[in-house]
């Protein structure tokens, strides 16, 4: 397990996070990544970036008032489950 502090990058931590996951983490190893919350959209975006890169987000928690922690495992994520609303086209 390795820990990476990306708080100094503010909102521009995504590329560095992926670079570290690609090059510094062995297959099936876990990484702890810290970043500054800033805009709360960073939280969902980081989860999406991790999933799209082919890693598994194990945990995502608020560390303190300004920092967020991600626990990422270098394994392929399970497919997302998308609930679909069936539209029958009939009025009953």
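Could you please find all residues in the range 23-49 being touching a residue at least 24 places away in the same chain (Cβ under 8 Å) and assigned to a helix (DSSP H, G or I)? Can you show your working first?
We begin by selecting, within the range 23-49, every residue touching a residue at least 24 places away in the same chain (Cβ under 8 Å); these are 25-39, 42-43, 45-46, 49.
42, 43, 45, 46, 49, listed by residue number.
Go through the range 1-11 and give me each residue that's within 15 Å of the chain's Cα centre (by Cα), at pLDDT 95 or above and surrounded by fewer than 15 Cβ atoms within 10 Å (Cβ to Cβ).
3, 5 - these are the residues of the range 1-11 that are within 15 Å of the chain's Cα centre (by Cα), at pLDDT 95 or above and surrounded by fewer than 15 Cβ atoms within 10 Å (Cβ to Cβ).
Does residue 53 meet the test of being surrounded by fewer than 16 Cβ atoms within 10 Å (Cβ to Cβ), at pLDDT 95 or above and within 16 Å of residue 1 (Cβ to Cβ)?
Values: surrounded by fewer than 16 Cβ atoms within 10 Å (Cβ to Cβ): yes; at pLDDT 95 or above: yes; within 16 Å of residue 1 (Cβ to Cβ): no.
In short, no.
Mind counting the residues in the range 28-39 that are exposed (fewer than 13 other Cβ atoms within 10 Å of the Cβ) and either under 16 Å from residue 15 (Cα atoms) or in contact with a strand residue (DSSP E or B) (Cβ under 9 Å, 6 or more places away or on another chain) (or both)? Lay out the reasoning, then the answer.
Taking the range 28-39 as the starting set, the residues that turn out to be exposed (fewer than 13 other Cβ atoms within 10 Å of the Cβ) are 28, 39.
Imposing the further condition that a residue be either under 16 Å from residue 15 (Cα atoms) or in contact with a strand residue (DSSP E or B) (Cβ under 9 Å, 6 or more places away or on another chain) (or both) reduces the set to 28.
Residues flagged as exposed (fewer than 13 other Cβ atoms within 10 Å of the Cβ) and either under 16 Å from residue 15 (Cα atoms) or in contact with a strand residue (DSSP E or B) (Cβ under 9 Å, 6 or more places away or on another chain) (or both) within the range 28-39 amount to 1.
Enumerate the pairs (first residue in the range 62-77 and over 16 Å from residue 18 (Cα atoms); second residue anywhere and part of a loop (DSSP other than H, G, I, E, B)) with beta-carbon separation below 8 Å, excluding pairs fewer than 6 apart on the same chain, so at least 6 apart or on different chains.
If the second residue must be part of a loop (DSSP other than H, G, I, E, B), the pairs left are 62/37; 66/37; 67/37; 68/37.
The values are calculated or read from the model by the stated rules, or taken from the named source; none is laboratory data. For clarity, every value in this text was computed on a predicted model and none was experimentally measured. Here the Cβ is made from the backbone with ideal geometry for all residues, glycine too, and neighbour counts use every protein chain on show.
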